[in-house]
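Encoded as structure tokens, the structure appears first; notes follow it.
The values are calculated or read from the model by the stated rules, or taken from the named source; none is laboratory data. Because the structure is predicted, anything quoted here is derived from the model rather than measured. Cβ placement follows ideal geometry from the backbone for every residue including glycine, while neighbour counts extend to all protein chains displayed. For the accessible areas, the whole protein counts, side chains as well, though only heavy atoms, and no ligand, DNA or RNA atoms are used. Shrake-Rupley method; radii C 1.70, N 1.55, O 1.52, S 1.80 Å.
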Amino acid sequence: MLLVPGCHFFTTMAPVPAGAAPKELAGLAALALEEESPFSEEQLAAGHYAVPPGAGLVVFAAVRRKFAAQQEAWARAGFVVPDFATWLPRAEAGAGVVVLETREAVTALEFGAGSALPRKILSRPVAAGLDSETAIERARELALARLGAEGRRVHRYRLAETPCTVKGGRYRFNWEPQGPTPAKSGDHGFLTAAQLWAMDLRETEFLRGKRRDFQWNRRAWGALVGLGIAACVLVVAEFGLLGVRLFDAARQKRVEAQAPAARQSETNRDIVERLAGYIDRKPQPLELLAYVNDLRPRSIYFTKVSFEGGLQMIVEGATSALAEVNEFESALRRAPAIGVVEVKNTRAREGGGTFQLTLAFKPGFQPGAVAAAAPGVTPVSSAPAVTAIPAAPPSLPAGPSAAHAPRMPLPASIGNRDLQDSGGPVPLPVLDSSGPMPVPGAPGAVNHGPMPPSP
């Protein structure tokens, strides 16, 4: 940015017709300059500024040959504008004089009441070889005397060490108030790139190419900024994905650590489901035994029970009345849940006998079914209550020979549904498929008391 001292310019003001388009302002400025300037357009470095839009034009021009030595610097600069023109966006409607001070020139702008368009602009150079403050003060006095500003309100501004700052594509020139002059708010006083191009003093063809390059550079810069923002977003997203991957890896490790327990749980569940299915499909041995026990007469008791294939039962029993074995067989054959009944190895003994019974239950046997007893046979479950069992069997009477002693009849076995006099269940003896049940009268056997001798 190059600021040309205002002492090199002459200025003029031009009205702007109502409804004039922005493209027409350059033509209106050229007409105003042609009327006021004694030089041709090719000899002038000119520009204009609309103050404010639609209120009027400030047109300024300088003889181009005065800047011949500075053309190289002008070609490298972004913008080349008069120093006083950068203050014009701050102008407010009100009578008075505004003094703009730089190290090279002091410019005075005279304003009328109710107008933001200056009526007259006068500039004086700052003399070289003197103290800067003294030279600026002398140039200011000359400019004010020329305008006849005695007794009028004067506001002074001086250009700061950093003349311009750019923010959001807008250019703000730092004019600092001097003395009692109130400071202007930072909300106004900006210039856009389009306004600066209109004030630029360089040739039209050069400005056209410069402006085109500026627009391309601005677009390229915008694209670069966009790419930078996109790259930042991608980097942030990559860090986010990295965090997700780390979290997923940690979660995968936890899953792998829990995999053995999960497999064991699945195995246990499979075993439980198999056992549940097995229990649901097949009746248990005690349920089969309970079904047969409901049909057993009281004179018969089991000495050994074994199971084969889930629904087959082999029972070895003893009885004090061998005839009831046939009745027991008939009751089993009539039972709806039993398909095969076979009695074999029947052996008669003094006071009773022994037998072997083979049973095969029908498929689909329901444990809750109730067996029907044989006619004339009293099943265990409907037998009268058993009296209390003595702690020890009574001693046999002494005689000349044990063979002549009265034989103890075989006691009836206790079913799983027999009740004591107290109403409580009588515990069943433990069934052992590896050997016979205890024989009455033997050590450890339960004796139910003597039975009357058989006739």
Legend entry - Per-residue SASA entry for Tyr291, accessible area with 1.4 Å probe, Å² rounded to 10: 10 Å²
Inset, instruction - Can you pull the one-decimal nm distance between simple spin-label points at Arg65 and Arg349, each 7 Å off the Cα toward Cβ? - result: 15.8 nm
Inset, instruction - Sort segment 37-175 into rounded, prolate or oblate with this rule: let a ≥ b ≥ c be the square roots of the eigenvalues of the Cα gyration tensor; rounded if a/c is under 1.5, and if a/c is not under 1.5, prolate when a/b is larger than b/c, oblate otherwise. - result: rounded
Inset, instruction - With a ≥ b ≥ c taken as the square roots of the eigenvalues of the C-alpha gyration tensor of segment 144-252, please select rounded if a/c is under 1.5 and otherwise prolate if a/b is larger than b/c or oblate if it is not? - result: oblate
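May I ask you to compute the full-extension gain from Asp213 to Ala20, defined as 0.36 nm times their residue separation minus their alpha-carbon distance, rounded to one decimal in nm?
Working: separation 193, 0.36 × 193 = 69.48 nm, distance 2.80 nm.
Here the answer is 66.7 nm.
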Inset, instruction - Provide the solvent-accessible area of Asp213, counting protein heavy atoms only and rolling a 1.4 Å probe, rounded to the nearest 10 Å². - result: 80 Å²
Legend entry - Using a Förster distance of 35 Å, the FRET efficiency for Ala128-Leu31 (Cβ separation, nearest 0.05): 0.40
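So, R0 is 56 Å and r is the distance between the beta-carbons of Glu273 and Leu224; what FRET efficiency does that work out to, to 0.05?
Numbers: r = 67 Å, r/R0 = 1.19.
The calculated FRET efficiency here is 0.25.
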Inset, instruction - Name all residues of segment 220-252 having a backbone nitrogen under 18 Å from the label point set 7 Å from the Cα of Ala261 along its Cα→Cβ direction, giving them as ranges. - result: 250-252
Legend entry - Nitroxide proxy distance, nm - points 7 Å out along Cα→Cβ at Asn326 and Val235: 10.8 nm
Inset, instruction - Report in % the part of the accessible area of segment 88-159 that belongs to carbon and sulfur, leaving out ligands and nucleic acids; probe 1.4 Å. - result: 46 percent
